[in-house]
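Just below is one structure, and these are the notes that go with it.
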Amino acid sequence: MEHPKYKIALIVGAGEGLSASLARLLSAQGIRVALAARKIEKLGALCSQTGARAYACNATEPEEVERLFGLIEREIGTPDLVVYNASGRARGSFVDLVPADVANAIAVSAYGGFLVAQQAAKRMVPNQHGAILFTGASASVKGYAQSAPFAMGKFALRGLAQSMARELSPQGIHVAHFVIDGGIRSATRTEAADKPDSMLDPDAIAESYWNVLQQPRSAWSWELELRPWVEKF
């Protein structure tokens, strides 16, 4: 049974946490990694650790996204694995939400995902090979109070992934959406001592991404839902 092989990965919305875990895992697998974020100053240590290269990019601007892919192609090669991790939020009472803030939140969570995925797909389809992964959240399937913009963006991202999977999977492109249903552990956000593993470990999430990438095409997942073992649902 043949497993797909990837050579160059691009992680958009990179930062500490899940993106860093993915970068370390992919690099350890011999995959060259490019990281993209609006601000890349904090990515220096991760680049040194993984050999990744960082690129500044606003994922909601079509020209910047197109330029990002062009730069990576010239400096590293064409990405055959793209992960979209960016999210936008605008919290508050529904009647008090500022329309411009809502529009920006949706643009980051969903429209940016479309722009990045479209540039990726344009390069993958001719080769009939590649993977495009989207990071979702609890809000992808559950809209919470005072978090309408986040739910709107994440619902849209999930719809994008589902539509793309149906269209692009028969063309050899593995499209998958991950519902991260819980808080992700970080250096500044940890669970209580009496509640071990009640938050998602970013390294464990990254392993699940990798497992999906290794699926033979006769049994591809388009969505995977991850949550801590103690969560009631």
Exercise for review: Take region 104-128 and flag every residue that is open to solvent by 60 Å² or more (accessible area, probe 1.4 Å) and at negative phi.
Suggested key: 104, 111, 114, 118, 122, 126, 127
Exercise for review: Exactly one condition in (1) closer than 23 Å to residue 161 by Cβ; (2) more than 16 Å from the chain's Cα centre (by Cα); (3) aromatic (Phe, Trp, Tyr) is not met by residue 229; state its number.
Suggested key: (1)
Check your understanding: Which condition breaks for residue 134 when tested against (1) modelled with pLDDT under 95; (2) open to solvent by less than 10 Å² (accessible area, probe 1.4 Å)?
Key -> (1)
Review point. For residues in region 5-19 being open to solvent by 10 Å² or more (accessible area, probe 1.4 Å) and not in a loop (DSSP other than H, G, I, E, B), which is farthest from residue 52 (Cα to Cα)?
Key: 18
Practice item. Filter region 208-227 down to the residues that are open to solvent by 40 Å² or more (accessible area, probe 1.4 Å) and free of Cβ contacts under 8 Å to residues at least 40 places away in the same chain, then identify the one that is farthest from residue 133 (Cα to Cα). Key: 218
Practice item. State all residues of region 174-233 that are under 20 Å from residue 81 (Cα atoms) and part of a loop (DSSP other than H, G, I, E, B); if no residue qualifies, say none. Key: 214, 215, 216, 220, 221, 222
Practice item. Taking the options 34, 23, name whichever one is in a helix (DSSP H, G or I), surrounded by 15 or more Cβ atoms within 10 Å (Cβ to Cβ) and modelled with pLDDT of 95 or more. Key: 23
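The values are calculated or read from the model by the stated rules, or taken from the named source; none is laboratory data. Since we're looking at a predicted model, the values are computed, not measured. All Cβ positions, glycine included, derive from the backbone under ideal geometry; neighbour counts span all protein chains shown. The area values use the complete protein model at the heavy-atom level, side chains included, leaving out ligands, DNA and RNA. Shrake-Rupley method; radii C 1.70, N 1.55, O 1.52, S 1.80 Å.
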